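The values are calculated or read from the model by the stated rules, or taken from the named source; none is laboratory data. Nothing here was measured: the structure is a model prediction, and the numbers come from that model. Quick reminder, even Gly has a Cβ in these numbers, built from the backbone with ideal geometry, and neighbours come from all protein chains shown. For accessibility, only protein heavy atoms count, side chains too; no ligands or nucleic acids. Shrake-Rupley method; radii C 1.70, N 1.55, O 1.52, S 1.80 Å.
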Amino acid sequence: MSRLASRLSELLSAREVEQDVRLRMLLAALLFYMFSTFTSWYDRPGLCTAGTHTFNYVPVWLFEDARWLIFLSRFWAKTYFYGLFMSALLGLFWLFYRKDCLAPMLILAFLFVNKLFFYLSDLRLMANFHHIHLILTFAFLVSREKLFFFRLALLACYWLSGLTKLTPSWLWGEYFNSVPDKLPLLPRTPWVVTLLQQALIVVEFVAPALWFSKSRFARLASFGVLLLFHAYSGVIVGHKYPSLMLPVLIPAFLRFDGPIQEGYRFARRHVPSWAFLALLLLGGLLPFAIPGDVRLTAEGRYFGLFMFDANRAVSFRARIEKADKAVVFQIDRPWRDGAILDDGTLESGGRPRIGVEIYRGGRLEQRLDAETVVLDGQTILINPKLFELAAYRTNGDPYLYYFYGKQLCRSYRPDRLQLELWQQLDGHQERVKLMDIPDFCGLNPRYSAFRHNDWILLPGPDAPAFYRWW
């Protein structure tokens, strides 16, 4: 082995992976999910220059002013993503035919950097399963005593998931009690649904803590409960979450003959892994330190995990004025799966409802179809896909609409841009206004990910209690 290969092997602790079949299985599971990721991102417009040209991209705050980092055309972006998911398969197949793990570890590290970069390039990709995959992959790559720290990273993910649920949506059972189908295959009685939601929070905090227990029964029971939960969760959330968690949870706890701390000895080289875990847990607490309900404001949300935190409906309105022309854009995102409202009536879910009206000299001149891209000369004023491609968890995030306003001010320089945003949670009929900015470009707001942004409105004292619980 060359000196460079030897140093890389030492840096990634590849020999440790080679000597434990459980770590080889974890490496295979993480590589497979990289393959799944890049096949699903293969033709996303926000990850190539086509997104820039068509006003169809929403980078997270870190990349807000750095769109130049995305420079590949659609053809070359697809070619590059093809190379990425084929690399994941190459690393996966390598594990079947070769004992040495340096090459698959290097491939995983390369794919991790790419996934993190593209993940931050478009807010609309944000999802809890990608968050968890990135957390587990980083922990696997950088840690020594990999099995020990991988198990602790899993524990941190479960606790972060539990922290997300400390809201009325889960504690008071409002989320699934507002959904017509409630919890599939289980009783639909409201108090039972509430109890099951609360039980899940207890499981996510307590079950991982039992991994430290000397009782073999307690350890295996906690492991079994989590397996059953992930197997059932696919009925509700689809395959992406359980197809990540089951393949990593099972090998991580094969031969679970003792508590996870058994045999561990602290060493200075473990400090980065401990620091990473501490930062993870602090990130999950950040939303509680920022005024307002994170379900509405999304401030601090992406530093922890953000599972299904609420059943929401969102309305956004923009009025763009320049000279004697005015364009009014309205998009209503209904409840994803429908909702049972406070008065017992049922509202169905469905596709977003989009309306565009163009005024000239104060008179209505034209109404456009929902899918129409609105231009003034060569400048795109509205691309409905910008909002339609926002995932269910991100379509209520004020940052999405803030970024739309910022880019429109830069490219079009309107005389006035008025933005309004409303949101409803968990079947409640009352709407909360989160944005009401009469002159967005004149105000020129900035977004901070670490504190409350004054231009995001918070529910006042007259708002219902479930909108101002925090």
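Between Arg416 and Glu321, the built amide H atoms are under 5 Å apart, and every one of these is 5 or more places off in sequence or on another chain.
Between beta-carbons, use under 15 Å as the cut-off and find the net charge around Leu125, counting Lys and Arg +1, Asp and Glu -1.
Numbers: positive: Arg44, Lys115, Arg124, Lys240, Arg301, Lys385, Arg393; negative: Asp43, Asp122, Glu388, Asp397.
With Lys, Arg at +1 and Asp, Glu at -1, the neighbours total +3.
Under the combined filter of DSSP loop state and at most 14 neighbouring Cβ atoms within 10 Å, segment 377-465 retains these GluC sites (Glu not before Pro): Glu430. Taking every protein chain into account, the accessible area of segment 341-424 amounts to 46 square angstrom per residue (probe 1.4 Å). The phi torsions of segment 97-113, fed into the Karplus equation with coefficients 6.51, -1.76 and 1.60 and a -60° offset, translate into couplings of 10, 10, 7, 5, 10, 5, 4, x, 5, 5, 4, 4, 5, 4, 5, 4, 4 Hz, rounded to whole numbers, with Gly and Pro shown as x.
Taking the three principal axes of the alpha carbon atoms in segment 1-104, the coordinate ranges are 50, 24, 23 Å, sorted in descending order.
Semi-axes of the equivalent ellipsoid of segment 287-328: what are they in whole Å, largest first, if each equals the square root of 5 times a C-alpha gyration tensor eigenvalue?
Each semi-axis is the square root of five times an eigenvalue, giving 33, 13, 8 Å.
Estimated from helices alone, the mean residue ellipticity of the chain at 222 nm is -15000 deg cm²/dmol (sum of -39500 (n - 2.57) over DSSP H runs with n ≥ 4, per residue). With the simple model of a label 7 Å out from the Cα in the direction of the Cβ, Arg188 to Ser213 spans 3.5 nm.
Work out how much length Arg367 to Leu227 would gain on full extension: take 0.36 nm times their residue separation and subtract the Cα-Cα distance, in nm to one decimal.
Contour length minus the Cα-Cα distance gives 45.2 nm.
Taking max minus min of the alpha-carbon positions on each principal axis, the chain gives extents of 76, 56, 37 Å, largest first. Past the 24 Å Cα-Cα mark, which pairs from Lys78/Lys146; Lys182/Lys385; Lys165/Lys240; Lys99/Lys146? Violating the 24 Å limit, Cα to Cα: Lys78/Lys146; Lys182/Lys385. Applying both filters, DSSP loop and at most 13 other Cβ atoms within 10 Å, to the GluC sites (Glu not before Pro) of segment 251-354 gives Glu262.
Surface composition of the chain: carbon plus sulfur atoms contribute 61% of the solvent-accessible area (1.4 Å probe, protein chains only, all chains present). Among Gln407, Ala221, Tyr57, which residue has its Cα positioned farthest towards the positive end of the charge dipole of the chain, with +1 placed on the Cβ of Lys and Arg, -1 on the Cβ of Asp and Glu, and the dipole taken about the Cα centre? Working it through, the farthest residue towards the positive pole turns out to be Ala221. Sites counted here are trypsin sites (Lys or Arg not before Pro) in a DSSP loop (not H, G, I, E or B) having no more than 16 other Cβ atoms within 10 Å; the longest part of the chain that contains none of them is 266-430.
Oblate is the label for segment 1-55, because the ratio a/c of its alpha-carbon gyration tensor axes (a ≥ b ≥ c) is 1.5 or higher and a/b is not greater than b/c. Measuring only protein heavy atoms, the 1.4 Å probe finds Ser273 accessible over about 10 Å².
Residue-wise HN-Hα couplings along segment 424-431, as the Karplus relation 6.51 cos²θ - 1.76 cosθ + 1.60 with θ = phi - 60° gives them from phi, are 10, 10, 6, x, 6, 6, 5, 9 Hz; Gly and Pro carry x. Taking the Kirkwood radius as Rh and the Cα radius of gyration as Rg, segment 361-470 has a ratio of Rg/Rh equal to 0.99. Note on the chain: with charges restricted to the Cβ of Lys and Arg (+1) and Asp and Glu (-1), its dipole about the Cα centre is near 1500 debye. Can you give me the angle between helix 21-40 and the longest principal axis of the chain, using Cα atoms only, in degrees from 0 to 90, rounded to the nearest 10? Taking the Cα atoms of the chain, the angle to 21-40 is about 20 degrees. 3J(HN,Hα) along segment 114-122, derived from phi through the Karplus expression 6.51 cos²θ - 1.76 cosθ + 1.60 where θ = phi - 60°, amounts to 5, 5, 4, 4, 6, 4, 7, 7, 8 Hz, with x in place of Gly and Pro.
A 1.4 Å probe run over the protein chains yields, for segment 74-146, 40 Å² of accessible area per residue, whole-number rounding.
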